[in-house]
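Chemist: Following this message is one structure expressed as structure tokens.
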Amino acid sequence: MLKEELLPGAVFNRIYTVTNDWTAISLGTGNVPCLSSAALVIAVENLAYQNIQKTLEDGFTSVGIKIEVTHLFPSAIESEFQVELHLIRLENNRTDFNITVTSGERILATGFHRRAIVNHESFLGKISPR
């Protein structure tokens, strides 16, 4: 499953810029022109997925199975924010991350994210038919 070592204590981070596409208005989750919680979740999942995927053997992927986010402060269009994920547990096929999102010195959001490492084909075989 893992081709590279992935250990608790690993830290992944990335800086994102708030675009109009990531606002609550654009995503239909509110009527304010600032970073939506939905976009913040996308940033967290994107960062976790990209960094886990690098460590997996061919035929495996990771899927988000749990996320809890407390969004504390708004972020304006064109402002930058940093997502930082701390891997706190890797057990069997599950990864657990603590989430911290900052802009400068301000903590914008905190939370928890869990992903499952799965066989790609087996996972697709579980999709419910239309």
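Derivation of every value follows stated rules applied to the coordinates shown; laboratory data play no part. All figures in this text were calculated on a predicted structure; none of them were measured in a lab. When we count neighbours, we look across all protein chains shown, and the Cβ atoms used for this are built from the backbone with ideal geometry, even at glycine.
Chemist: Toward the positive end of the charge dipole of region 13-125, about the Cα centre and with charges on Cβ (Lys, Arg +1; Asp, Glu -1), which of Gly125, Val69, Asn46 goes farthest?
Modeler: Val69
Chemist: Place a point 7 Å from the Cα of Asn93 along the Cα-to-Cβ direction; which residues of region 103-130 have their backbone N under 18 Å from it?
Modeler: Residues 114-128 fall inside that zone.
Chemist: Once both axes come from the Cα atoms, what is the angle between helix 37-53 and the longest principal axis of the chain, in degrees from 0 to 90, rounded to 10?
Modeler: That helix lies at roughly 30 degrees to the long axis.
Chemist: To continue, here is another question. Would you mind computing, in nm to one decimal, how far apart the modelled labels at His86 and Val63 are, each placed 7 Å from Cα along Cα→Cβ?
Modeler: If labels sit at His86 and Val63, their model points lie 3.0 nm apart.
Chemist: Using label points projected 7 Å from each Cα along Cα→Cβ, tell me how many nm separate Phe12 and Asn46, to one decimal.
Modeler: Computed distance between label sites Phe12 and Asn46 equals 1.3 nm.
Chemist: Continuing with the same structure: Can you compute the modelled spin-label distance between Leu2 and Phe123, with each label point 7 Å from Cα toward Cβ, in nm?
Modeler: Here the modelled spin labels are 1.7 nm apart.
Chemist: Looking at the calculated P(r) for region 11-125, what percent of the C-alpha pair distances fall above 19 Å?
Modeler: 47 percent
Chemist: Normalising by the residue count of the chain, find the relative contact order in percent from Cα pairs under 8 Å and 6+ residues apart. Can you show the working numbers first?
Modeler: Details: 261 pairs, mean separation 36.7, N = 130.
This gives 28 percent for the chain.
Chemist: Which FRET efficiency value, to the nearest 0.05, is calculated for Lys54 and Asp21 with the Förster distance at 25 angstrom and r the Cβ-Cβ distance?
Modeler: 0.45
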